[in-house]
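Working notes, beginning with the structure itself.
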Amino acid sequence: MMDRRHFSLAAGAAALGGFGIARAQAETPIVLGQSAPFTGPAAQLGIQFYQGAKLYLDQYNAQPGHREVVIKFLDDGYEPDRCAANTKQFIDDDVFSLFGYIGTPTSLAALPLAVDAKLPFIAPFTGAMALRDPFHRNVFHLRASYNDETAVIVKQLTNLGLRKIAVFYQNDAYGKAGLDGVNLALAQLNLKPIALATVERNSVDVAAAVATITAKGPDAVVQVGAYKACAAFIRAARKEGYGGTFFNVSFVGTQALADELGKDGAGVVVTQVVPSPYSPANAITREFVEAASKTDGATKANYSSMEGYLAAKVLVEGLRRAPSGKVSRDGFIAGLESIDRQQFGGFEVSFSPRNHVASKFVELSMITGDGRVRT
């Protein structure tokens with residue numbers, strides 16, 4: 001796994017190098033602004049998404065006949081105030097589009113700024129309904145919502161006869177969005193969570209939450225948090241003798257969670273909103289894995305980097321479909337809106353002038369005791 005300090009230095013140098021090359025060309029690059037955690041307990045989410053997106057853009061930029069597309073990234077540590085400051089900086093710098101923001105509380109901090117500036121806001125790494133409703137013309141989502149993910153979780157649990165469900169969630173807009181989804185799905189079955197407990201963002205202080213939830217003896221715990229806190233909860237709950245199952249939504253960061261847990265990850269379930277990077281059944285997976293294999297280990301194939309790769313691929317398709325001539329933000333938005341039921345190697349994307357959510361794809365995956373992920 002790439003060290004965070006070395007990631008920042010290497011990626012920063014690569015970005016500066018890219019700008020230098022582009023300035024020597026006839027046209028300046030199209031610059032995307034990404035605010036994400038590159039340090040702190042959620043850092044692997046930002047690092048992996050960026051690596052996947054850059055992997056695709058490096059391939060695209062190597063082809064002649066179009067303007068380069070580059071990512072300018074700023075670290076927000078998964079903190080909303082820092083994300084808002086980064087977004088203001090991007091607006092001042094006149095980036096072409098915001099792209100690949102990581103997380104609900106951070107994306108929500110950026111949303112009003114992006115809307116006021118009429119700046120495209122593409123593929124935030126969150127499934128929160130608050131980013132989707134009300135509709136904003138400049139905001140486009142690649143992934144299914146947390147409501148979609150939690151509906152699949154609840155259906156799976158209740159189909160197995162597991163109806164005593166607890167929820168461990170991050171005490172912010174992200175956690176509450178996931179909790180809302182669980183409550184909505186359970187209410188349709190006349191059920192409610194039997195226990196609720198929280199953890200603060202960027203914290204692994206889970207002792208009180210573990211005590212609260214294990215005391216109720218749930219059949220399963222739905223987790224809506226980042227990988228370090230969820231891993232800490234699982235380890236502590238199992239140490240207390242809890243034998244139930246754990247279900248996570250995709251934001252947790254599947255490979256990061258598996259890496260944190262090691263053998264303790266056996267049987268942990270995670271919903272996924274992009275195709276598996278570990279199964280060659282889909283053409284997009286074969287394309288992505290082949291590209292990653294040529295980076296000498298710089299880009300690892302996992303769900304988060306796969307999402308970054310797909311997000312960059314869809315963004316470029318929007319640019320390609322924009323009206324000919326000088327690329328404008330309005331033209332780019334129109335280009336994205338014209339993508340209708342298009343297959344990206346087995347992942348279907350549909351937008352329209354009134355629908356800016358590309359996909360409702362959700363499937364279940366399970367972590368194994370040796371740190372692998374199977375679907």
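The values are calculated or read from the model by the stated rules, or taken from the named source; none is laboratory data. Note that the structure is predicted; figures quoted are calculated from it, not measured. We place every Cβ from the backbone using ideal geometry, glycine too, and count neighbours over all the protein chains shown.
Being outside the structural domain of Ala226 (by TED's automatic domain parsing), closer than 17 Å to Ser97 by Cα and touching a helix residue (DSSP H, G or I) at 6+ places or on another chain (Cβ under 6 Å) is true for just one of Val362, Val316. Which residue is that?
It is Val316.
The conditions are (1) farther than 30 Å from Lys313 by Cα; (2) assigned to a loop (DSSP other than H, G, I, E, B), and Val154 fails exactly one of them. Which is it?
(2)
Looking at the structure I just gave you, is Ser293 of a type in the set (Gly, Ala, Ser) and under 24 Å from Lys155 (Cα atoms)?
It is false that Ser293 is of a type in the set (Gly, Ala, Ser) and under 24 Å from Lys155 (Cα atoms).
Quick one: is Pro323 at pLDDT below 95, out of contact with any strand residue (DSSP E or B) (no Cβ under 8 Å at 6 or more places or on another chain), over 21 Å from Gly225 (Cβ atoms) and not basic (Lys, Arg)?
Criteria met by Pro323.
Take residues that are under 22 Å from the mean Cα position of the chain (by Cα) and modelled with pLDDT of 95 or more and tell me which of the helices (runs of 4 or more DSSP H) falling wholly in segment 1-103 contain 2 or more.
43-61, 80-92
Under the condition of being among the polar types (S, T, N, Q), touching a helix residue (DSSP H, G or I) at 6+ places or on another chain (Cβ under 8 Å) and not in a helix (DSSP H, G or I), which residue from segment 275-292 is farthest from Ala144 (Cα to Cα)?
Filtering segment 275-292 for residues that are among the polar types (S, T, N, Q), touching a helix residue (DSSP H, G or I) at 6+ places or on another chain (Cβ under 8 Å) and not in a helix (DSSP H, G or I), the one farthest from Ala144 (Cα to Cα) comes out as Ser279.
In segment 337-375, which residues are surrounded by fewer than 17 Cβ atoms within 10 Å (Cβ to Cβ), more than 19 Å from Arg321 (Cα to Cα), in contact with a Ser or Thr (Cβ under 8 Å, 6 or more places away or on another chain) and polar (S, T, N, Q)?
Thr375, the sole residue that qualifies.
Determine, yes or no, whether Ala312 is in a helix (DSSP H, G or I), of a type outside the set (Phe, Trp, Tyr) and more than 18 Å from the chain's Cα centre (by Cα).
When the stated conditions are applied, Ala312 does not pass them.
Out of Lys164, Lys118, which single residue is basic (Lys, Arg) and in the same structural domain as Ile234 (by TED's automatic domain parsing)?
After applying the criteria, what remains is Lys164.
Within segment 265-274, take every residue that is out of contact with any Asp or Glu (no Cβ under 8 Å at 6 or more places or on another chain) and not in a loop (DSSP other than H, G, I, E, B) and give me the one that is nearest to Met366 (Cα to Cα).
Among residues in segment 265-274 that are out of contact with any Asp or Glu (no Cβ under 8 Å at 6 or more places or on another chain) and not in a loop (DSSP other than H, G, I, E, B), the one nearest to Met366 (Cα to Cα) is Val269.
The rows are residues; the columns are (1) in contact with a Ser or Thr (Cβ under 9 Å, 6 or more places away or on another chain); (2) surrounded by 15 or more Cβ atoms within 10 Å (Cβ to Cβ); (3) over 30 Å from Asp81 (Cα atoms); (4) modelled with pLDDT of 95 or more.
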residue	(1), (2), (3), (4)
Phe140	no, yes, no, yes
Lys155	no, no, yes, yes
Ile165	yes, yes, yes, yes
Asp172	yes, yes, no, yes
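Tell me, which residue of segment 51-65 that is in contact (Cβ under 8 Å) with a residue 12 or more places away in the chain and out of contact with any Lys or Arg (no Cβ under 8 Å at 6 or more places or on another chain) is surrounded by the most Cβ atoms within 10 Å (Cβ to Cβ)?
Gly52
Conditions tested, residue by residue: (1) farther than 23 Å from Glu317 by Cα; (2) surrounded by fewer than 17 Cβ atoms within 10 Å (Cβ to Cβ); (3) in contact (Cβ under 8 Å) with a residue 40 or more places away in the chain.
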{"position": "Cys83", "(1), (2), (3)": "yes, no, yes"}
{"position": "Phe99", "(1), (2), (3)": "no, no, yes"}
{"position": "Val115", "(1), (2), (3)": "no, yes, no"}
{"position": "Pro120", "(1), (2), (3)": "no, no, yes"}
{"position": "Leu131", "(1), (2), (3)": "no, no, no"}
{"position": "Ala144", "(1), (2), (3)": "no, no, yes"}
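Within segment 316-336, restricting attention to residues that are part of a loop (DSSP other than H, G, I, E, B) and small (Gly, Ala, Ser), which residue is surrounded by the most Cβ atoms within 10 Å (Cβ to Cβ)?
Residue satisfying both the conditions and the ranking: Ala322.
Looking for whichever is within 21 Å of Pro41 (Cα to Cα), of a type in the set (D, E, K, R) and touching a residue at least 12 places away in the same chain (Cβ under 8 Å) here; the options are Asp76, Asp93. Which one fits?
Checking each option against the conditions leaves just Asp76.
Kindly establish whether Arg329 is in contact (Cβ under 8 Å) with a residue 40 or more places away in the chain, over 28 Å from Asp148 (Cα atoms) and of a type outside the set (A, V, I, L, M, F, W, C).
So Arg329 passes the test.
What is the residue count in segment 277-295 for residues that are out of contact with any strand residue (DSSP E or B) (no Cβ under 6 Å at 6 or more places or on another chain) and either buried (at least 21 other Cβ atoms within 10 Å of the Cβ) or β-branched (Val, Ile, Thr) (or both)?
Number satisfying all stated conditions: 6.
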